[in-house]
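Okay, structure first, notes after.
The values are calculated or read from the model by the stated rules, or taken from the named source; none is laboratory data. What you are looking at is a predicted structure, and each value in this text was computed from that prediction instead of being measured. Cβ: placed from backbone, ideal geometry, glycine included. Neighbour counts: every protein chain shown. For accessibility, only protein heavy atoms count, side chains too; no ligands or nucleic acids. Shrake-Rupley method; radii C 1.70, N 1.55, O 1.52, S 1.80 Å.
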Amino acid sequence: MQFPLFVTLLSWLLALVGITQAVPASIVERTDSISVLSKEQVNSFSTYTLFASASYCPPLLIQNWICGPACAKLPGFKPVASGGDGGIVQYWFVGYSPSWSSVVV
C-alpha cells in the first residue's frame, strides 16, 4: 500500500470513528413562559422595519429617498451617505430623522 493512500484511508477511518462517537446534546427544558405581544407593541416596531426595508434599496435611490413604500412612509428623513453594491458589500445608509431627532445608521 502506498503511503498517501494509507494516510487517506486512515483519515477516513478516524473520521468515521469520530462520527460514531458523537454524543447528543442534552435538552434544556424551558421554565419561563412566552408572552404574546399586543397589536400596539408590534406596531411600535414599524418604523424600524421600514428603515430595514429601505436598506435593501440601491444607494442612488436612498440618496434621493425615493426607494418605494418604505421611503414614502418615512417622510422627512434626510439621507447623508449611502453605499454598497448589493453583492460583496451590502447596501447601507446613514441619515437624520427629524421626527425622531435621531441619526439613523
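Give the residues of region 86-105 that are among the polar types (S, T, N, Q) and not in a strand (DSSP E or B), sorted by residue number. I'd like the intermediate steps shown before the answer.
Kept after step one, since they are among the polar types (S, T, N, Q), are these residues of region 86-105: 90, 97, 99, 101-102.
Result: Gln90, Ser99, Ser101.
Contact map, region 87-105: first residue farther than 17 Å from Ala70 by Cβ, second residue of a type outside the set (S, T, N, Q) and assigned to a strand (DSSP E or B), Cβ cut-off under 6 Å, separation 6 or more or different chains; pairs are Val103/Tyr96. Reported count of residues in region 33-92, each being touching a helix residue (DSSP H, G or I) at 6+ places or on another chain (Cβ under 6 Å) and open to solvent by 90 Å² or more (accessible area, probe 1.4 Å), is 1.
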